[in-house]
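Trainee: Take this structure first; my questions come after.
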Amino acid sequence: MAIYNVITIGDDILRERAATVRRFDHRLHHMLDDMAETMYEFDGVGLAAPQIGVSKRIVVIDVGDGLCELINPQIVEKSGNVLGLEGCLSVPDKQGYVYRAQRVLVQAQNRFGEPIEFEAENYFARACQHEIDHLNGVLYVDKLAHPTEREIAEIEEEE
Ligand code: CO
């Protein structure tokens, strides 16, 4: 196992469209293990392969309910629109408000290339959207909302 360096905003690799994964071999498994270790080491709730310098469609997420590995993930349905606070290991020491779908249906593959499909809501849905954006060269800072004090207070009440 190894901890990767996390690439920060300003590096072009974070702005590329990442390539589809076609080989589900031990190298992929090794990388997934190291990505999870890196995410936990830096107290992230998600990490996408471009953030460690690999332009491939691979993400790991753990919002506190266990590790989720997604290869070639896609959002196939979404509904709702909610404001929430986000941060990113590639944008150190900052946070910002972003509107995201409240619920998403995700299709992906697991580490063996088998198809998976699941529904995510709320914070997990937010993490899926944030990480999948990374695979398309999009960072949360591109989508910043500028809520009023009142809107921020409403979010805090819901939490
Ligand atoms: Co991020």
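Trainee: So how much slack lies between ASP12 and ASN81, counting 0.36 nm per residue of separation and subtracting their Cα-Cα distance, in nm?
Mentor: Details: separation 69, 0.36 × 69 = 24.84 nm, distance 2.95 nm.
Gain on extension, ASP12 to ASN81, equals 21.9 nm.
Trainee: Continuing with this model, one more query. Return one number: the angle in degrees, 0 to 90 and rounded to the nearest 10, between the long axis of the Cα atoms of helix 149-158 and the longest principal axis of the Cα atoms of the chain.
Mentor: So the inclination is approximately 60 degrees.
Trainee: Let me ask something else. For helix 122-135, report the angle its Cα long axis makes with the longest principal axis of the Cα atoms of the chain; keep it between 0 and 90° and round to the nearest 10°.
Mentor: Roughly 50 degrees between the two axes.
Trainee: So what's the back-of-envelope 222 nm ellipticity for the chain, counting only DSSP H runs of four-plus at -39500 (n - 2.57) apiece and dividing by all residues, rounded to 500?
Mentor: Only helices count here, giving -8000 deg cm²/dmol.
Trainee: Same structure again: For region 31-53 and region 79-123, write down the distance between their C-alpha centroids in whole Å.
Mentor: So the separation of the two Cα centres works out to 15 Å.
Trainee: Sticking with this structure for a sec: Which value in nm describes the separation of the simple spin-label points at GLU149 and ASP25, placed 7 Å from the Cα toward the beta carbon?
Mentor: If labels sit at GLU149 and ASP25, their model points lie 6.0 nm apart.
Trainee: Could you tell me what % of all Cα pairs in the chain have separations over 28 Å?
Mentor: Value for the chain: 17 percent of Cα pairs lie more than 28 Å apart.
Trainee: What is the extension gain from GLU156 to PHE112, computed as 0.36 nm multiplied by their sequence separation minus the C-alpha to C-alpha distance, in nm to one decimal?
Mentor: Working: separation 44, 0.36 × 44 = 15.84 nm, distance 3.97 nm.
Gain on extension, GLU156 to PHE112, equals 11.9 nm.
Read-outs throughout are calculated quantities, based only on the coordinates presented, and are distinct from any laboratory measurement. This one's a predicted model, so the numbers in the text were calculated from it and none came from an experiment. Cβ coordinates were reconstructed from backbone atoms using ideal geometry, including for glycine residues, and neighbour counts include every protein chain displayed.
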